[in-house]
Amino acid sequence: MDYNPREIENKWKAYWQENRIYKVDNPKPGQNERPKFYVLDMFPYPSGSGLHVGHPLGYIASDIFARYKKMSGYNVLHPMGYDAFGLPAEQYAIQTGVHPAVSTEENIKRYRRQLDNLGFSFDWEREVKTCDPSYYKWTQWIFIQLFEHYFDNEAQKALPISDLRRRFSHEGNARIKAASTQEMVFSAEEWNDMSAKEQSEILMNYRLAYRKTSYVNWCEALGTVLANDEVKDGVSERGGHPVERKAMLQWSLRITAYAERLLNDLKRVDWSDALKAMQRNWIGRSEGAQMFFDIKNSEEQIEIFTTRPDTIFGATFMVLAPEHPLVDALTTEDRKAAVSEYLDYVNARSERERMSEVKEVTGVFLGAYAINPFTQAQIPIYIGEYVLMDYGTGAIMAVPSDDERDHAFATKFQIPIIDVIDKSQYPGAGMHDKLGTMINSEFLDGMEVPDAIEEMLTRIEREDLGVRKVNYKLRDANYSRQRYWGEPFPIKYDAEGIAYAMDIEELPLELPDLEDFKPASGGKSPLARKEEWLKAEEGFIRETDTMPGFAGSSWYFLRYMDARNNEEFASQEAINYWRDVDLYVGGTEHAVGHLMYSRFWHKFLYDKGLVPTVEPFKKLINQGMIQGVIEFIYLMKEKLDGHHHFVCTSLTKQRGVTDFAKIPIHVDFVKNYGSDKSYVNIDSIKRFIDWRPEYENAIFECGNGLYHKGTFKSNNGAEDNHLLTHSETGKMSKRYFNVINPDDVVERYGSDCFRMYEMFLGPVEQSKPWDTKGINGVAGFLRKFWGLFFNKDGQFEVSEEEASKEEMKILHTAIKKIREDIERFSFNTCVSAFMVASNELRKMNCNKTEVLEPLVKLIAPFAPHLAEELWFRLGGMDTTRTVQDAAFPKVDEQYLVEDSVTYPISINGKKRAIADFPSDASKEDLETAALALEDIQKWTDGKTVRKVIVVPKRMINIVVG
RNA sequence: GCCGGUGUGGCGGAAUUGGUAGACGCGCUGGAUUCAAAAUCCAGUUCCCGCAAGGGAGUGGGGGUUCGAUUCCCCCCGCCGGUACCA
C-alpha cells in the first residue's frame, strides 16, 4: 500500500480522541512514580484570521518534546487554551454588532479545528478560556488578593492590608517600610482620628492593586488607556493609533515593588540571554542619590535623583518636568506668561511628536533659583520636555559638562559650563562613562570618578542632604481599560467613593450582555451605560472599567494544573505536584509584557504560600517567525521609438531612476522560484493579470506615458520576454501572495509531513522564510521511510531475521543523535538524522523488525500518525494502547564501536591524505603508519618532519619545515 | 546612541569540548524510464585553474593565539531584534 497520509492520519486522530490517549491525570500523592514534566505553549489569542503557518512552529517543537518526555517515562502535562479577551473581538463587534462572545467562540472553534489537524498531544480536558466566567472568577479573585495586600520592603514580600491597618492604629507609619505611592508620616493617633475616606485613601497608597490619578497612555482611536508595553514608538501596538498623555483615575498594579526580585531572580531561570537582557533593560535598575536642593526665597525644596553625585560641582542649573507639582509655585510673576505659553506648547504635543523630535532642545526659565548645596551657588531653575515626570523625581540637577542633554540645553540657554572631570587619561571614554579624574570640585579634586561617587554618597547621607537610592525604569502597570470585552473588576464603591472588594462568594462578577459596544461618553467603558448592572447593590456602584489583556494570561499556566476546580484557582495538591513549567515555548513579543506580569503574579502567590516555586517558567524557548518569500518584478519606464516601454531592471536605483514600479508577483507564475535566476515571462504575466485583474493597472499604468503592453527589454538592452524577479523575505501577507495556510499544506502532504518540514526549516529559535518547494524533500523522505516496511508489491512485509551489525549501527547512530538533538532542541538536525538512517537502510534493503520497530518509536514524537500506523502493523498495539506508551529507544554503545577509524592526515594543517587505521592503534603506530603513506611521503620528501600531532580517533597532523 | 543576536555554496541550513568545512534538504546539471510530461530512480554539484591527475582559494573584512580556528582573543563592517531624552 502506498503511503496515504490523509487516510492514516484521520484514522488515528479519531482513535486518539476516542481512547482519550492524551488525557493526563493528577496523581494522588505516592500514587504515580513517574516524575512530572510540564510543557507549555503560550496560548493564542483566537483572531479572526485563524492560525497561520508561523503559529504552529512552537507548538510542533513543544509537542515533539512533550511526546519524547512521555515516552521517556515522565508524566507530562501539555495543555492548550485561549487568551480570549481582547480588543479585536470588541472592535469587530462595534463594526458588525456581532457579540464578542459569539465571534470569539467561532474563532476558538476554528483554531481548535486547525490545531487538531496538526496532531498535537494536548490534553483538551484541561482547556482554559480566559473569557469563561469559571476562569475569570479566579482572575478576579487574584485581583482581590492584590488589592488586599501591600509590599513590605523589610520582609521583601507581600503582607495583608489588615496587618498594615493594625500597625497604623498602634504605631502610625513612621517605622513601616513599605512600597507606597506617596510618602507621608502620621502617628497612631492621627490615623485613628481619620475618617474612613481618609484611611481608605492612605491604604490605597500601599495596596498592590491600587487606584490613583496618573498620567496614562490614552489612545483616542481605541477609546482606552494602554500599558507601557502596549505602546510602541508613540502609537498603539494594536492598530498603530496615536497615543497621548492624559491624567486619569486608574487602577494600577504595584509591580515596581517586586522590581528587585524580578531582576535578581532572572539568575534562576534558563532563558536566552537576549530575553533576560530585555527584562533587565525594562526593569532598568540604577543606583544613585536622592537629594534635596533648597530654593532661594522659598520654603520649598526640589528633590532630585542622580546617578552622578560626583559631578555636583558642575551642576549649574536645574530642570523640572513640565508636569512637576512645584512648577506653579516656583514661577515668578515676570515669567508667568512665558511659562504658561511653554506649558501650552508641551500639552499640545502628542507623545509621538515628543519622541520623534528628541534632538530638539526646548524649555523655559521659571525665574526661581536653587542653591547648590555644595557650592552654595544660585542656579536657575528651568522646566524642559526632556525631563520626565514619571522617572526618578521628575527633577534633575543639570551638569552640562558631563551630560549631552544638559550640555545642549546649557548651550541653547547660555548657561555656564564648568568642567569637573578630566578625561585626558581615558582617550576613548564618552561623556557618560564613569571614568576620569575630578577637577574644580574642592574636596573631590584628584579623585577617580568611582571613588568620588562613593565619597559624595557618603557625604550626602552624613550631611543629611539626601539618601542613597535605587531607581527603576519599570513603572507600575496600568490595569484599567475602558472597554467591554475584559474581566469586570470585582470592586464596588460606596457613596463616598471608597473602594471595596467583593466577597469571594459573589464571584464571578459576570460581564453583562450589551447590544452596543461603542465606548460610553467621557472616556468610559460601554459598561457605564448599563445602569441596572452598575447599581447592582443598594448604596454601591460598580467599577465600569475592565481588566487588561494581560490579566488572564498572568496565571493561566496554574489553572491548567487543575482546570475544572470550582473551589480554588487550583488545588494545593495539584500545584504542589506540577509546581512550575519545565519548558515554555512562545514568541519574543511577550518578552516584557506577559513574561514580566506572570512572574510578578507568581511571586505574589508565592508570598501568599499558594505556589511552591519562586519562578513560574524554568526554561523558555522563543520560536522564530516564519516569513514569506516575496517575489517582485521591477519595471522601469523608458522612452523608445516615441513610446514608453517598461524595461526590466535589476538595479532599481540606478542612474537616479525613480520612475519604476515594484510589483509583487504570485509565486505560481515565477520560474526557477527561489533561485537568483528566477524570472517571469510575458505569458505568465498575462495569466497573472487574468487571474488578478486589479494588478493590470499596477503593471501597465504606472506613470502616465504611452506604453506597449507586453513589450519588455532585458537589462542589457536586448529584446527578451523574460523579466528577472527579485526575492525578498518579509511578512506573510495577502498583498504579497505569499500567505501559507497550514490547512492547505496538511491537505496536500499530511500533518506528519507538515510537522517534520516546519522542524526541518532550521533552528526553532531562528526566523526563517517558508519555502514552498522544500517540503517535497520531506514528503519524499516519509514515503521512503514508509517504503522500508513494504515489499515491491506494496504489501506490508518485515523480517524477523537478526539484523546485521551494520544495520544495528545505523539504528543506534540515529538513536544517539536524535536523543541528543531533542535534548538541545535541535529538531532540524533530528529530521536530517532520520533521513540519513532511512537512506542507508534503504540502500541495504533492510526490513528487519529489530531495526524498524525502534525506528518507529524514534519517529513517533515527530510523525505520530505515521508511527502509530506502523506500530499497529508491527503488532506493537498488542502490548501498548499507542506508540506513545512505548519506551523511547535507548542507545546501545556496543553497536557504535568502530573497528577502524578514517583519519585525515594533514601536512602543516592542510589535509593531504585520508587513511583507515585500526581504532585501537597507539599514537606511535599511527604516526609511523601515517608517515609511511605514499601520499604523505610525497610531501615530506626532502623536508624535515618537525613534529607529528596525533589525536586518536580524530586526525593526524605532520609539521614539516 | 546603548543592549542583545547574527553573518558559512545558487538557497534553507550542518559542523555538540579548537581536529576531514559544506551533513541533510531544496535548486541546478547530466543520465535512466516514458510517445510525451509529471512522478520515480541513478550520478554530479563551494569557487577558480586543468581533459584529467592534481593544484590553489575559501566560513562578512583585517589582525592575533595555535601543529591546527566557522569555533578562542582584538579591531572594523553588514543585517536582525529590543530600547531610547531613564538623570
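Scan the stretch A:944-961 for residues that are under 15 Å from A:Leu933 (Cβ atoms) and more than 48 Å from the chain's Cα centre (by Cα) and jot them down.
A:Val945, A:Val948, A:Ile958, A:Val960
Which residue out of A:Ser298, A:Ser272 is more than 10 Å from RNA strand B (Cβ to nearest atom), open to solvent by 10 Å² or more (accessible area, probe 1.4 Å) and over 30 Å from A:Gly497 (Cβ atoms)?
A:Ser298
Checking the structure you have, find out if any residue of the stretch A:926-943 is under 30 Å from A:Ile818 (Cβ atoms), open to solvent by 90 Å² or more (accessible area, probe 1.4 Å) and within 8 Å of RNA strand B (Cβ to nearest atom).
no
For (1) within 13 Å of RNA strand B (Cβ to nearest atom); (2) small (Gly, Ala, Ser); (3) open to solvent by less than 50 Å² (accessible area, probe 1.4 Å), each residue gets a yes or a no:
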| position | (1), (2), (3) |
| --- | --- |
| A:Cys846 | no, no, yes |
| A:Leu852 | no, no, yes |
| A:Ile859 | no, no, yes |
| A:Ala867 | no, yes, yes |
| A:Asp885 | no, no, no |
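State whether the residues of the stretch A:27-35 include one that is touching a residue at least 60 places away in the same chain (Cβ under 8 Å) and crowded, with 19+ Cβ neighbours inside 10 Å.
Scanning the stretch A:27-35 turns up no residue that is touching a residue at least 60 places away in the same chain (Cβ under 8 Å) and crowded, with 19+ Cβ neighbours inside 10 Å.
Is it true that A:Asp334 is more than 10 Å from RNA strand B (Cβ to nearest atom), farther than 30 Å from A:Arg462 by Cβ and surrounded by fewer than 20 Cβ atoms within 10 Å (Cβ to Cβ)?
yes
From the residues in the stretch A:199-215 that are touching a helix residue (DSSP H, G or I) at 6+ places or on another chain (Cβ under 9 Å) and surrounded by fewer than 18 Cβ atoms within 10 Å (Cβ to Cβ), which one is farthest from A:Gly172 (Cα to Cα)?
So, considering only residues that are touching a helix residue (DSSP H, G or I) at 6+ places or on another chain (Cβ under 9 Å) and surrounded by fewer than 18 Cβ atoms within 10 Å (Cβ to Cβ), the one farthest from A:Gly172 (Cα to Cα) is A:Lys212.
Of (1) near RNA strand B (Cβ under 8 Å from one of its atoms); (2) surrounded by fewer than 16 Cβ atoms within 10 Å (Cβ to Cβ); (3) farther than 28 Å from A:Lys69 by Cβ, A:Pro769 satisfies all except one. Which?
All conditions are met except number (2).
Among the numbered criteria (1) within 12 Å of RNA strand B (Cβ to nearest atom); (2) part of a strand (DSSP E or B); (3) surrounded by fewer than 20 Cβ atoms within 10 Å (Cβ to Cβ), which single criterion is violated by A:Gly367?
Just one mismatch for A:Gly367, condition (1).
Confirm whether A:Ser62 is out of contact with any Gly (no Cβ under 8 Å at 6 or more places or on another chain), within 26 Å of A:Pro769 (Cβ to Cβ) and open to solvent by less than 20 Å² (accessible area, probe 1.4 Å).
yes
Look through the stretch A:261-279, keep the residues that are more than 14 Å from the chain's Cα centre (by Cα) and among the basic types (Lys, Arg), and return whichever of them is farthest from A:Asn622 (Cα to Cα).
A:Arg261
Kindly list the number of the only condition in (1) over 20 Å from A:Asp445 (Cα atoms); (2) in contact with a helix residue (DSSP H, G or I) (Cβ under 7 Å, 6 or more places away or on another chain); (3) more than 8 Å from RNA strand B (Cβ to nearest atom) that fails for A:His407.
(2)
From the list A:Gly539, A:Gly486, A:Gly523, which residue is surrounded by 20 or more Cβ atoms within 10 Å (Cβ to Cβ) and in contact (Cβ under 8 Å) with a residue 40 or more places away in the chain?
It is A:Gly486.
Return the residue satisfying two criteria in turn: it lies in the stretch A:598-623 and is in contact with a helix residue (DSSP H, G or I) (Cβ under 9 Å, 6 or more places away or on another chain) and aromatic (Phe, Trp, Tyr), and of such residues it is surrounded by the fewest Cβ atoms within 10 Å (Cβ to Cβ).
A:Phe617
Looking only at the stretch A:104-111, decide whether some residue is without any contact (Cβ under 8 Å) to a residue 40 or more places away in the chain, open to solvent by less than 40 Å² (accessible area, probe 1.4 Å) and among the charged types (D, E, K, R).
no
If a residue has to be more than 24 Å from the chain's Cα centre (by Cα) and assigned to a loop (DSSP other than H, G, I, E, B) to count, how many in the stretch A:735-758 make the cut?
Residues that pass the stated criteria total 3.
Determine, yes or no, whether A:Ile914 is near RNA strand B (Cβ under 9 Å from one of its atoms), over 30 Å from A:Glu802 (Cα atoms) and surrounded by fewer than 16 Cβ atoms within 10 Å (Cβ to Cβ).
The answer is yes for A:Ile914.
Is there any pair with a first residue in the stretch A:750-777 that is touching a residue at least 60 places away in the same chain (Cβ under 8 Å) and β-branched (Val, Ile, Thr) and a second that is more than 9 Å from RNA strand B (Cβ to nearest atom) and outside any strand (DSSP E or B) whose Cβ atoms are under 8 Å apart and which are 6 or more apart or on different chains, and what are they?
A:Val764/A:Leu57; A:Val764/A:Gly58; A:Val764/A:Ala61; A:Val764/A:Gln623; A:Val764/A:Phe825; A:Val764/A:Phe827; A:Thr772/A:Val667; A:Thr772/A:Ile740
Of the residues A:Ile379, A:Ile396, which is in contact (Cβ under 8 Å) with a residue 40 or more places away in the chain, buried (at least 18 other Cβ atoms within 10 Å of the Cβ), under 43 Å from the mean Cα position of the chain (by Cα) and not in a loop (DSSP other than H, G, I, E, B)?
A:Ile396 is the lone residue from the list that is in contact (Cβ under 8 Å) with a residue 40 or more places away in the chain, buried (at least 18 other Cβ atoms within 10 Å of the Cβ), under 43 Å from the mean Cα position of the chain (by Cα) and not in a loop (DSSP other than H, G, I, E, B).
In the set A:Ile775, A:Ile818, which member is at pLDDT 90 or above, crowded, with 16+ Cβ neighbours inside 10 Å, β-branched (Val, Ile, Thr) and over 19 Å from A:Arg67 (Cα atoms)?
After applying the criteria, what remains is A:Ile775.
Of everything in the stretch A:489-520 that's open to solvent by 70 Å² or more (accessible area, probe 1.4 Å) and assigned to a loop (DSSP other than H, G, I, E, B), which residue is farthest from A:Ser195 (Cα to Cα)?
Across the stretch A:489-520, the extreme among qualifying residues is A:Glu515.
Suppose the filter is more than 30 Å from A:Ala520 (Cβ to Cβ), buried (at least 19 other Cβ atoms within 10 Å of the Cβ) and touching a helix residue (DSSP H, G or I) at 6+ places or on another chain (Cβ under 9 Å); does A:Gly119 pass it?
yes
Might you let me know whether the stretch A:22-44 holds any residue that is touching a Cys at 6+ places or on another chain (Cβ under 8 Å) and at pLDDT 90 or above?
No, there is no match, as no residue in the stretch A:22-44 is touching a Cys at 6+ places or on another chain (Cβ under 8 Å) and at pLDDT 90 or above.
Please give the helices (runs of 4 or more DSSP H) falling wholly within the stretch A:533-609 in which 3 or more residues are within 16 Å of RNA strand B (Cβ to nearest atom) and within 18 Å of the chain's Cα centre (by Cα).
Where helices (runs of 4 or more DSSP H) fall fully within the stretch A:533-609 and carry at least 3 residues being within 16 Å of RNA strand B (Cβ to nearest atom) and within 18 Å of the chain's Cα centre (by Cα), they are A:594-607.
Report yes if A:Lys784 is in contact with a Ser or Thr (Cβ under 7 Å, 6 or more places away or on another chain), near RNA strand B (Cβ under 10 Å from one of its atoms) and either open to solvent by 40 Å² or more (accessible area, probe 1.4 Å) or basic (Lys, Arg) (or both), otherwise no.
yes
The values are calculated or read from the model by the stated rules, or taken from the named source; none is laboratory data. Predicted model only: the values in this text are computed from it and were never measured. All Cβ positions, glycine included, derive from the backbone under ideal geometry; neighbour counts span all protein chains shown. Heads up: the accessible areas ignore ligands, DNA and RNA and are worked out on the full protein's heavy atoms, side chains in. Shrake-Rupley method; radii C 1.70, N 1.55, O 1.52, S 1.80 Å.
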